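The values are calculated or read from the model by the stated rules, or taken from the named source; none is laboratory data. Quick caveat: nothing in here was measured; it's all calculated off a predicted structure. Note that we place each Cβ from the backbone using ideal geometry, even for glycine, and neighbour counts take in every protein chain shown. The accessibility values were calculated without ligands, DNA or RNA, using every heavy atom of the protein model including side chains. Shrake-Rupley method; radii C 1.70, N 1.55, O 1.52, S 1.80 Å.
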Amino acid sequence: MAAMKKQTAAVLAMALACGVAWGDGNPKRFAGYRTEPPPMSASRYDPVFSDLVVAETASHALVRQDAGTSCAAGNFLLFNKRDKTHRAVDAGTCDDRGLMAKLTADRLNFFQGKRIVAMYPVYAQ
């Protein structure tokens, strides 16, 4: 239980450090969004209790999923709210110490402290 509280505190700290609006933190509103690019079989987002919206703009949202012991930083999904799709994005590290995400209208950056560990262009249509 203590590990869960510590992990939740780390995610909240990461979200607050982003300096962006993050809505209500509940990703259930993205249920049913298609996977982009399309996989071999149909895939739709099905939120679980531990999923958390950690950053959001008018057109996109970043959701963190718990990855258990395989990756302390978790798994991340980038949602395009306009075309109702999502895709997995790699945070560039599994080390959750000091990991922060910053989502803007045209870019998603993951930082480990002040160092950028992953960067993605964000396209709005």
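The order of the peptides 95-101, 111-117 by mean Cβ neighbours within 10 Å, most packed first, is 95-101, 111-117.
Annotation: per residue accessible area for the range 59-125 equals 52 Å², rounded to a whole number [probe 1.4 Å, protein chains only].
Let me have the relative contact order for the range 83-125, percent, based on Cα pairs under 8 Å that are six or more residues apart.
Here the relative contact order equals 31 percent.
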